[in-house]
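I have placed the structure first, in the form of structure tokens, so that the comments after it can refer back to it.
Every number here is computed from the coordinates shown, using simple stated rules; none is lab data. The shown structure was predicted, so the numbers you read here are calculated from the model rather than taken from an experiment. In this analysis, Cβ positions are derived from the backbone assuming ideal geometry, glycine residues included, and neighbour counts consider all displayed protein chains.
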Amino acid sequence: MATTADYSAFLRRGNDGRPRLELAVEGIASADAIATIENSLRSTPGLVSARLNFTTRRLSTEWTTPECDPSLAIDTLERLGYRVAPFHSDETESDEDRRTKWLLRCLAVSGFAAINVMLLSISVWAGNVTDITPETRDLFHWLSALIALPAAGFAGQPFFYSAASSLRSGRMNMDVPISIGISLALGMSVYETAHHAAHAYFDSALMLLFFLLSGRVLDHAMRKRTRAAAANLAALRVPVATRLNADGSHSEIPPEALVEGDIVWVRPGERLPADGYVVQGTSFIDQSLVTGETTWTKAGLGDPVFAGTLNGEAVLQIKVAASGSATLLSDIERLIDDAVLAKSKYVQLADRVAQFYAPVVHIAAGLTAMGWIAYGASVHDALVIAIAVLIITCPCALALAAPTVQVVVAGALFRRGILMKSGDVIERMSAVDTIVFDKTGTLTRPDPSLVDAGDLSDNSLKLAGRLALSSHHPLARAIRAFAIERFGSLEFISDAREVTGEGVEAVHDGVTLKLGSPAFCNIATPVWHNGTSIIAFRHGDEAGCISIGQALRPDAVETIARLKRDGYRVMILSGDHQQPVESTARLLGVTEWTASAKPHEKLARLEALKREGRTVLMVGDGLNDAPALAAASVSLSPATGADVTQAAADAVFTGSKLCAVRDTLLLCKTGHRVMRDNFLLALIYNLIAVPLAVAGQVTPLIAAAAMSGSSIIVTVNALRARTARGLSR
């Protein structure tokens with residue numbers, strides 16, 4: 001880790017000239033750290049803004065110019081108990097791997113210790129009602145202490161560190177009462193063992209740790225899946241750009257060194273290093289980053305192109321209009337970061353409950369002890385009763401109320417091919433009232449397919465498929481796939497020649513074959529028709545057109561109809577052209593739709609819906625959907641979507657059916673209802689048990705048994721979330 005003085009070397013200038021510094025903050029255990037850190041840094045001289053991304057643990061800071069001293073912010077963070085280092089995505093991923101292994105070790109230690117201590121406790125319980133001697137009982141208790149104390153000290157670290165950090169910042173999270181309850185249970189057990197008491201509570205403390213660590217490991221594993229967006233976006237950047245110099249020579253330079261007006265040379269199969277427009281050459285570009293449309297776009301003289309998009313067929317010369325942090329790709333990355341940051345400020349239900357639950361519990365225990373002392377009880381007896389209050393109100397049931405439901409719902413979704421990536425998806429999904437779909441790859445199948453072959457004969461279709469083998473055009477793949485599926489293996493046609501941007505032609509058995517644009521095949525047909533792309537084929541005098549389009553998912557019509565019957569507002573927000581979007585909306589019965597939407601326009605539309613009070617579920621698969629997916633209240637992506645899109649989404653579904661969207665909503669609604677029932681059960685339990693404990697009618701042993709019983713009830717109740725009425729078969 002660098003020293004404080006070293007951080008100035010990591011400052012970077014933004015487009016406005018202000019220095020920026022990105023820091024990796026270690027030791028963040030819950031979302032309430034966001035407000036703590038950001039509020040603590042507000043008074044730092046020269047600091048304009050500080051934004052913490054809870055998902056990636058990245059703190060983005062912006063400073064005034066020309067003077068700034070990052071060491072002041074670093075000192076503040078270290079006083080709060082956080083460890084700080086310059087942010088590097090690969091190092092952050094390594095840190096997360098280490099934390100995952102650490103949590104698993106804690107879980108394994110707590111489980112192993114709990115099993116062994118439980119075996120000793122069973123012997124004591126059985127002996128207390130038979131013939132165990134006090135010496136043997138004390139031996140078993142001391143053996144339990146020998147196992148439990150170091151095991152709890154190690155396995156409880158995630159809760160102890162989090163509680164200490166929370167208390168230092170003057171806040172209260174769920175880990176505070178958990179840590180106090182565990183510590184007091186262990187301390188009381190040692191005291192009772194030292195005074196030859198009949199009961200100790202080492203087993204209860206370890207079982208509590210094991211249950212809570214199980215939920216913590218699951219939540220961490222799900223969140224870890226969302227940390228890949230930065231790395232996935234980085235994969236779209238080219239390491240080297242080929243610049244065309246004035247004397248005709250080529251120079252390989254970093255893309256960040258390009259300036260407006262430079263000419264760059266882009267080979268087929270390479271990604272563009274900068275935004276600009278074509279000054280020489282004609283090719284097809286994969287512009288799904290911008291439009292979401294999987295059909296490649298023809299790019300010729302004067303057409304705009306963007307960094308990160310893929311050149312398909314021919315060499316292009318691009319005149320640079322924007323490079324580095326000014327490109328559209330960088331804009332998308334910033335949009336994703338901002339959207340994820342806003343979403344990470346969401347506080348889960350359990351943490352909201354903890355804000356008032358923990359102080360009430362500890363005040364009640366303290367008043368109980370003082371009340372019994374005033375009543376005339378000894379300090380020992382008063383403390384035993386107060387500890388019984390703390391044990392019986394130890395938030396085991398409360399802390400398990402959400403994690404157990406998360407585990408059950410995550411398992412039910414997984415069995416249906418849906419991967420939930422964070423525990424708070426259940427709460428956010430249950431509040432959804434508006435669903436916004438992307439079109440291409442979401443409502444439709446991900447790859448273009450042959451929709452209609454017109455009047456072409458089987459022989460002509462087979463010849464078209466053979467000719468398509470020699471074409472690099474993306475639509476030719478659909479024709480090849482159809483022909484191979486229908487006719488089996490195909491043979492290349494010798495001497496086939498591809499005309500860049502037009503099509504492919506050959507002479508076969510003395511007859512000219514052509515496959516490509518209608519103009520190339522001398523057919524007067526538009527390139528688009530009824531929302532599909534048109535590929536023409538000519539075999540001598542026989543000619544016809546093949547429609548290539550995005551076929552709807554097999555259950556799209558039924559799923560959309562059911563969602564509308566369920567009361568959801570359904571919209572389509574697509575980067576595709578107006579004609580195919582309108583056609584798809586008409587087939588699905590969707591009246592609200594938008595076409596040709598750029599990434600920032602999708603984001604603006606979602607923000608407008610939020611201002612209307614809507615809770616939005618965004619479903620999309622393209623790179624251009626990633627900022628919208630991150631900004632939506634909750635989001636889903638098909639497994640066929642881009643890596644960046646899957647990283648930005650809250651859940652991913654596999655398979656070809658759209659019913660996964662409705663199934664996710666139904667299971668999450670059921671899960672949220674069960675979660676609230678669990679909190680209600682925990683509340684009822686406390687309303688009954690606490691007065692009895694305060695009155696001195698509950699021993700610590702009975703309190704521990706009652707606490708375990710409440711946890712079992714909550715866990716069993718969580719199993720109700722495994723299914724929901726109306727799920728697809």
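Taking a ≥ b ≥ c as the square roots of the eigenvalues of the Cα gyration tensor of the stretch 444-486, is the shape rounded (a/c under 1.5), prolate (a/b larger than b/c) or oblate? List each step's numbers first, then the result.
On the way: a/c = 2.00, a/b = 1.22, b/c = 1.64.
Oblate, since a/c reaches 1.5 and b/c is not below a/b.
Kindly rank 301-307, 587-593 from highest to lowest mean number of other beta carbons found within 10 Å of each residue. Working shown, then result.
On the way: 301-307: 17.1, 587-593: 15.3.
With the highest mean Cβ count within 10 Å placed first, the list reads 301-307, 587-593.
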Q. What distance in nm separates the simple spin-label points at residue 250 and residue 615, each placed 7 Å from Cα in the Cβ direction?
A. 5.5 nm
(Q) Taking the number of other C-beta atoms within 10 Å as the exposure measure, put 633, 110 in order starting with the fewest. (A) 633, 110
Q. Extension gain residue 519-residue 712, at 0.36 nm per residue separation less the Cα-Cα distance, in nm?
A. 62.2 nm
**Q.** Virtual spin-label span in nm between residue 680 and residue 101, 7 Å along Cα→Cβ
**A.** 4.6 nm
Q | Residue-span extension gain [residue 656 to residue 414] - 0.36 nm each, minus C-alpha spacing | A | 85.6 nm
Q) Which distance in nm do the two modelled labels at residue 132 and residue 69 give, with both placed 7 Å along the Cα-to-Cβ direction? A) 6.3 nm
Q | Ordering of 205-212, 595-602, 116-123 by burial proxy (mean other Cβ atoms within 10 Å per residue, highest first) | A | 205-212, 595-602, 116-123
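I need the peptides 455-463, 177-185, 132-140, 313-321 ranked by packing, meaning the mean over residues of other C-beta atoms within 10 angstrom, with the highest value on top.
Values: 455-463: 16.1, 177-185: 22.9, 132-140: 14.2, 313-321: 20.2.
Ranked by mean Cβ neighbours within 10 Å, highest first: 177-185, 313-321, 455-463, 132-140.
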(Q) Give me the extension gain from residue 196 to residue 459: residue separation times 0.36 nm, minus the current Cα-Cα distance, reported in nm with one decimal. (A) 85.2 nm
Q) What shape does the stretch 99-224 take by its C-alpha gyration tensor, where a ≥ b ≥ c are the square roots of the eigenvalues and a/c under 1.5 counts as rounded, a/b above b/c as prolate, and the rest as oblate? A) prolate
**Q.** 685, 201, 277 arranged by Cβ crowding within 10 Å, fewest neighbours leading
**A.** 277, 685, 201
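Taking a threshold of 20 Å on the Cα-Cα distance, which of the pairs 439/564; 439/514; 462/514 fall above it?
Working: 439/564 17 Å; 439/514 31 Å; 462/514 13 Å.
Beyond 20 Å: 439/514.
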Q: First measure r as the distance between the Cβ atoms of residue 587 and residue 26, then evaluate 1/(1 + (r/R0)^6) with R0 = 56 Å and state the FRET efficiency to the nearest 0.05.
A: 0.65
Q. What order do you get for 75, 677 when you list them from fewest to most C-beta neighbours inside 10 Å?
A. 75, 677
